[in-house]
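Asks: Could you have a look at this structure, given as structure tokens, before my questions?
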Amino acid sequence: MLESVIIPLLYLASAVCFILGLKQLSHPRTAPKGNATAAAGMLLAVVGTLLKAEIIDFQYIIIGLVAGGAIGAIAAKRVEMTSMPQLVALFNGFGGLSSLLVATSEVYAGKTLGTFTLSTVSLSILIGSITFSGSLVAFAKLQGIMRGMPLVFRGARLFNGFLILSVILLTVYTILNPAELFTYILWIIALSLVSGYYFVVPIGGADMPVVISLLNSFSGIAAASTGFVIANDALIISGALVGASGIILTNIMCKGMNRTLWNVLFVGIEDSGDKSGAVTGPQQTAKSYEPEDTVVLFENAKQVVIVPGYGMAVAQAQHMVHELQKTLEAKGATVKYAIHPVAGRMPGHMNVLLAEANVSYDKLYDLDDINPDFEETDIALVIGANDVVNPAARHDTSSPIFGMPILDVDKAQTVFVLKRSMNPGYAGIENELFFNENTIMIFGDAKETVGRLTAELK
């Protein structure tokens, strides 16, 4: 009864929760409910697994549950919202590591493994290892432990290819010769870990949103493969859902940057230069104001659109931005937020930060929804965004961002850009927006600048 009815029903219920939760996560308003629904599904899956007759000792399971729960609770309480990209990268890595460990444990359990099981074990180890080491590199880049720029060397692409080919050949050999499995399994793990490292190292920090979503997909694929290894339906379903949704999100992020996944992952490998100071086109002069000089324009504005970028995250200015929003609304202005899909360092980064500051979801508008409004906008306030508002993407065929969907902030009556300096974005080019007649630069820390502006308006 337990094995034939109750456990399958628990797994079925968990799968339904996963699907519903994923659906609810597609919109900011329902995302908290979706997170809770998916968590409930995972709880059901865990309970169903713990009821299996194969489990004869709960000692280490209890220790793991207590330790993992404690770590999760501490992370939830202590990790700042600005550090969410790093935390997500680590979680992806831990997902890959768990798949790696479970698959490896099956190898050393002394069971006779068939060709299919050996194939799924090998796939779990390969993808799990790449996910783990690659996610650690992504974390290190986002945290500033490693340089955010691509770390490359001559022949990097060839070396990466050699590593992957070696792993595949070793995997095929062990599948065809199961007796040699114990000899080569550690080599497969080691080479896969090195492959993951060199997979992510050549990718710059600005491309981490794509990398994080792709590694999230990898963790799901590894989990699904492990589900086949241990014959766990819930793990297969949940892993497949994570893998598929991660691929879809990766595709969305690439479209938001007008780049192919191949371009993000491999084209930059050959470019070892640092573009941090690169500029193109004739040198121009941008108008610069102090926050106090802009008060009159803000007081008379009827519609203001705020465009947050990574600069807002770095300055941790989201709470002060919300205060500015409330101050403007008190004066009768309509305030909206324009969210570009690749703004920040992970998918939904700006949404998460603004949610922390209690900004209403109704105020957040995607690129396609907000762009028609800019022509009727009195003030567009750009906070730390760069390439995602560069008009060159629309007309300059020689620009590396040509064709990239951008926020049409230049069509607003007045554009205020808050930045620390005139340094270019990841594309390494000057932003045409900064030199437009209707653009005014305000240099300094975003949090301090917004605070000064808010104080003057009150």
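Results for (1) in a helix (DSSP H, G or I); (2) among the hydroxyl-bearing types (S, T, Y); (3) more than 18 Å from G227 (Cα to Cα); (4) under 25 Å from the mean Cα position of the chain (by Cα), shown as yes or no for each residue.
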position	(1), (2), (3), (4)
E3	yes, no, no, no
F18	yes, no, no, yes
H27	no, no, yes, yes
A39	yes, no, yes, yes
V46	yes, no, no, no
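Asks: I would also like to ask the following. Just need a number here: residues in the range 238-269 that are assigned to a helix (DSSP H, G or I), over 18 Å from the mean Cα position of the chain (by Cα) and surrounded by fewer than 22 Cβ atoms within 10 Å (Cβ to Cβ).
Replies: 4
Asks: List, please: which pairs have Cβ atoms under 6 Å, are six or more places apart or on different chains, and start with a residue in the range 434-458 that is free of Cβ contacts under 8 Å to residues at least 60 places away in the same chain and end with one that is crowded, with 17+ Cβ neighbours inside 10 Å?
Replies: If the second residue must be crowded, with 17+ Cβ neighbours inside 10 Å, the pairs left are N436/D410; N438/T414; N438/V415.
Asks: Related question: Just checking, does the range 105-119 include any residue being in contact with a His (Cβ under 8 Å, 6 or more places away or on another chain) and at pLDDT below 90? Can you show your working first?
Replies: Filtering the range 105-119 down to residues in contact with a His (Cβ under 8 Å, 6 or more places away or on another chain) leaves none.
No, the conditions are met nowhere in the range 105-119.
Asks: How many of the residues making up the range 298-316 are over 18 Å from N423 (Cα atoms) and of a type outside the set (A, V, I, L, M, F, W, C)?
Replies: 5
Asks: State yes or no: is I221 at pLDDT 90 or above, touching a Phe, Trp or Tyr at 6+ places or on another chain (Cβ under 9 Å) and over 25 Å from A156 (Cα atoms)?
Replies: Values: at pLDDT 90 or above: yes; touching a Phe, Trp or Tyr at 6+ places or on another chain (Cβ under 9 Å): no; over 25 Å from A156 (Cα atoms): yes.
Here the answer is no, as I221 does not meet what is asked.
Asks: For the range 201-218, check the following and say yes or no: at least one residue is acidic (D, E), assigned to a helix (DSSP H, G or I), farther than 30 Å from H349 by Cα and not assigned by TED's automatic domain parsing to the domain that holds P347. Break it down into steps so the answer makes sense when it comes.
Replies: Within the range 201-218, the subset acidic (D, E) is 207.
Restricting the remaining residues to those that are assigned to a helix (DSSP H, G or I) gives 207.
Right, trim to farther than 30 Å from H349 by Cα and you get none.
Within the range 201-218, none of the residues are acidic (D, E), assigned to a helix (DSSP H, G or I), farther than 30 Å from H349 by Cα and not assigned by TED's automatic domain parsing to the domain that holds P347.
Asks: Identify, by number, the condition in (1) modelled with pLDDT of 90 or more; (2) surrounded by fewer than 20 Cβ atoms within 10 Å (Cβ to Cβ) that A380 doesn't meet.
Replies: For A380, the exception is condition (2).
Asks: When the range 49-74 is examined, which residues are found to be surrounded by 10 or more Cβ atoms within 10 Å (Cβ to Cβ) and charged (D, E, K, R)?
Replies: Keep residues of the range 49-74 that are surrounded by 10 or more Cβ atoms within 10 Å (Cβ to Cβ), which gives 49-52, 55, 58, 61-74.
Hit for the range 49-74 is K52, nothing else.
Asks: Give the number of residues within the range 11-37 that are hydroxyl-bearing (S, T, Y), surrounded by 15 or more Cβ atoms within 10 Å (Cβ to Cβ) and farther than 16 Å from S238 by Cα.
Replies: Step one: list which residues in the range 11-37 are hydroxyl-bearing (S, T, Y), which gives 11, 14, 26, 30, 37.
Of the ones still in play, those that are also surrounded by 15 or more Cβ atoms within 10 Å (Cβ to Cβ) are 11, 14, 30, 37.
Filter again for farther than 16 Å from S238 by Cα, leaving 30.
Residues in the range 11-37 being hydroxyl-bearing (S, T, Y), surrounded by 15 or more Cβ atoms within 10 Å (Cβ to Cβ) and farther than 16 Å from S238 by Cα: 1 in total.
Asks: Looking only at helices (runs of 4 or more DSSP H) that lie completely in the range 68-181, which have at least 1 residues being within 25 Å of A355 (Cα to Cα) and assigned by TED's automatic domain parsing to the domain that holds S245? First the steps, then the outcome.
Replies: Values: elements: 84-107, 115-143, 156-176.
Where helices (runs of 4 or more DSSP H) fall fully within the range 68-181 and carry at least 1 residues being within 25 Å of A355 (Cα to Cα) and assigned by TED's automatic domain parsing to the domain that holds S245, they are 84-107, 115-143.
Asks: Would you tally the residues in the range 363-410 being over 23 Å from H319 (Cα atoms), of a type outside the set (D, E), touching a helix residue (DSSP H, G or I) at 6+ places or on another chain (Cβ under 6 Å) and not in a loop (DSSP other than H, G, I, E, B)?
Replies: Going through the range 363-410 one residue at a time, the tally reaches 2.
Asks: Which pairs do you get when a residue that is closer than 12 Å to H340 by Cβ and without any contact (Cβ under 8 Å) to a residue 60 or more places away in the chain, found in the range 398-409, comes within reach of a residue that is among the hydrophobic types (A, V, I, L, M, F, W, C) and crowded, with 19+ Cβ neighbours inside 10 Å, reach meaning Cβ atoms under 6 angstrom, with the pair 6+ apart or on two chains?
Replies: Matching pairs, first to second residue: D408/F374.
The values are calculated or read from the model by the stated rules, or taken from the named source; none is laboratory data. This is a predicted model, so every value here is computed, not measured. So basically every Cβ, Gly included, is an ideal-geometry build from the backbone, and we count neighbours across all protein chains shown.
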